[in-house]
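The values are calculated or read from the model by the stated rules, or taken from the named source; none is laboratory data. These numbers were taken from a predicted model, which means no experiment stands behind them. Methodologically, a virtual Cβ is constructed for each residue, glycine included, from the backbone with ideal geometry; neighbour enumeration extends over all protein chains shown.
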Amino acid sequence: ILRDLLAAGSKRDIEKMLELAQDIEKLAMVARGGNPDQNSG
């Protein structure tokens, strides 16, 4: 995943990098058994 972020480091791919980051955050929340709308800290 980190390699993908670095590969998308060019200015024209910043949007793609941000999308990947958002997807990673969503997957992390699901893995913890939480919902994006409910953040227990």
Just to be sure I understand the filter: pairs with C-beta atoms under 7 Å, separated by 6 or more residues or on different chains, first member in segment 19-34 and closer than 17 Å to ASP4 by Cα, second member among the charged types (D, E, K, R). Which pairs pass? LEU20/ASP4
Do we have GLY9 as modelled with pLDDT of 75 or more and assigned to a loop (DSSP other than H, G, I, E, B) here? no
